[in-house]
Amino acid sequence: MSAILLGILATVIADQLCATFPSLALKLARWSAACRYAGNPAKAELRAEELEALIEQRPGGLLKLSTALGLAIAALATASRRALGKNPVITIARATGRAIVMGAAVIAAVAVAIWYLYCSLCLLVGGAVMFAAVAGLTVGAIAGAIDRSLGAYLGWSAAAAVAIWWTITWLPRLRRRPPRRTRRTQSERRLRSPRNLTRR
Amino acid sequence: MTGPARITGPFLDVLELLFATYAAGDESLHGWAIMKATKRSGPTVYGVLDRLEDEMGWIEGRWEQQRPDQSGPRKRFYTLTPTGVAGAQAVLRQRRPGALRTPGRQWRPAPRQAGAQ
């Protein structure tokens, strides 16, 4: 009974998670336009709207998100090339820092997408995984609201989800230690001997 | 007229498609339609469109006219400029003559292996 309830709950949560993908994809598309045309705000604004229209035309939440991720990775590559190409010596440190932040955001977004797929596959396993995903997204939403950035949202989501999942999955295993070997009495040994067991 | 500094497969695909739609009198070619027709990814297509629009001035974009009841992000349609038509003809004549022989045909992406014709 509880498995059925968990299954229904997990499906509802998965549906809700899927519903967040389009808005996430739109934000990512806007960010990638801003990143790619960093020196040209007018062009960035123009392209952002165009990319948003492109995302809107993609069917399905996951496809929207994957398209947006592709755009973000390409924008990141362009931005890195531009930053390094201008003045490698001076800009390298700044570009590295920025690339790490942006890269972390993109990796976190990919992790969330993979996480979603994993959760969908694990629906039958139980509610623990889904709980971790939902808790992770909640933490991410709070972090994103405080920091007002997509990076904080995605990074904290992925980190919290992984941490919670790990705790749920591994803590019971760590607790489950093998029982201590106690000295058996002569009569116990005799009772548990294979000969006696087969006789029973 | 500024000629292309580097002619790549995606560049030729997008240019051929733009020329085909121009020859057919169709002016509703937007990013997603180009991606679908050329089977190229978004960053590749938009990279080519950037080159054609900003660096070379071969294409111009115009926003979709939305009805008052419509909302959401607008599409951007791309068409060849007169300079772009001449430039595209020159490039395609050299690299993909088949595209000029049958303008307005149903456009299909060229095979990617040997040659582009």
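When B:G84 is tested against (1) over 30 Å from A:L65 (Cβ atoms); (2) within 13 Å of chain A (Cβ to nearest Cβ); (3) crowded, with 18+ Cβ neighbours inside 10 Å, exactly one condition is not met: (2). Candidates in the range B:87-99 are the residues that are assigned to a helix (DSSP H, G or I) and within 13 Å of B:L18 (Cβ to Cβ); of these, the one that is modelled with the lowest pLDDT is B:A99.
Conditions (1) touching a Gly at 6+ places or on another chain (Cβ under 7 Å); (2) β-branched (V, I, T); (3) over 28 Å from A:G70 (Cα atoms), marked per residue:
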site	(1), (2), (3)
B:S41	yes, no, no
B:V45	yes, yes, no
B:G57	no, no, no
B:E64	no, no, no
B:V91	no, yes, yes
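Residue count for the range A:7-49 satisfying the condition of being more than 11 Å from chain B (Cβ to nearest Cβ), surrounded by 15 or more Cβ atoms within 10 Å (Cβ to Cβ) and within 20 Å of B:G61 (Cα to Cα): 2. In the range A:50-61, is there at least one residue being more than 9 Å from chain B (Cβ to nearest Cβ), more than 17 Å from the chain's Cα centre (by Cα) and either assigned to a helix (DSSP H, G or I) or at pLDDT 75 or above (or both)? Within the range A:50-61, one or more residues are more than 9 Å from chain B (Cβ to nearest Cβ), more than 17 Å from the chain's Cα centre (by Cα) and either assigned to a helix (DSSP H, G or I) or at pLDDT 75 or above (or both).
Just to verify a result, which residue in the range B:67-81, among those that are touching a residue at least 24 places away in the same chain (Cβ under 8 Å) and within 11 Å of chain A (Cβ to nearest Cβ), is surrounded by the fewest Cβ atoms within 10 Å (Cβ to Cβ)? Among residues in the range B:67-81 that are touching a residue at least 24 places away in the same chain (Cβ under 8 Å) and within 11 Å of chain A (Cβ to nearest Cβ), the one surrounded by the fewest Cβ atoms within 10 Å (Cβ to Cβ) is B:F77.
Taking each residue of the range A:154-169 that is under 20 Å from A:A72 (Cα atoms) and looking for partners that are in a helix (DSSP H, G or I) and among the acidic types (D, E) with beta-carbon atoms closer than 9 Å, six or more apart or interchain, yields A:W156/A:D147.
Do we find that B:G57 is at positive phi, more than 14 Å from chain A (Cβ to nearest Cβ) and part of a loop (DSSP other than H, G, I, E, B) in this structure?
On the way: at positive phi: yes; more than 14 Å from chain A (Cβ to nearest Cβ): yes; part of a loop (DSSP other than H, G, I, E, B): yes.
So B:G57 fits the description; yes.
Among the residues here, B:V14 does not qualify as on the phi < 0 side of the Ramachandran plot, within 13 Å of chain A (Cβ to nearest Cβ) and not in a loop (DSSP other than H, G, I, E, B). Residues in the range B:100-117 that are assigned to a loop (DSSP other than H, G, I, E, B) and among the hydrophobic types (A, V, I, L, M, F, W, C) were compared, and the one that is modelled with the highest pLDDT is B:A110. Under the condition of being crowded, with 18+ Cβ neighbours inside 10 Å and in contact (Cβ under 8 Å) with a residue 12 or more places away in the chain, the residues counted in the range B:24-45 number 10. If only residues of the range B:60-72 that are outside any loop (DSSP other than H, G, I, E, B) and not small (G, A, S) are counted, the one that is nearest to A:E52 (Cα to Cα) is B:W63. Of the residues in the range A:11-26, none is charged (D, E, K, R), assigned to a helix (DSSP H, G or I) and modelled with pLDDT of 85 or more.
The set of residues from the range B:38-53 being in a loop (DSSP other than H, G, I, E, B) and not hydroxyl-bearing (S, T, Y) comprises B:K39, B:R40.
The values are calculated or read from the model by the stated rules, or taken from the named source; none is laboratory data. What you see is a predicted model; the values in this text were computed from it and never measured. Here Cβ is always computed from backbone atoms with ideal geometry, including for glycine, and neighbour counts include all displayed protein chains.
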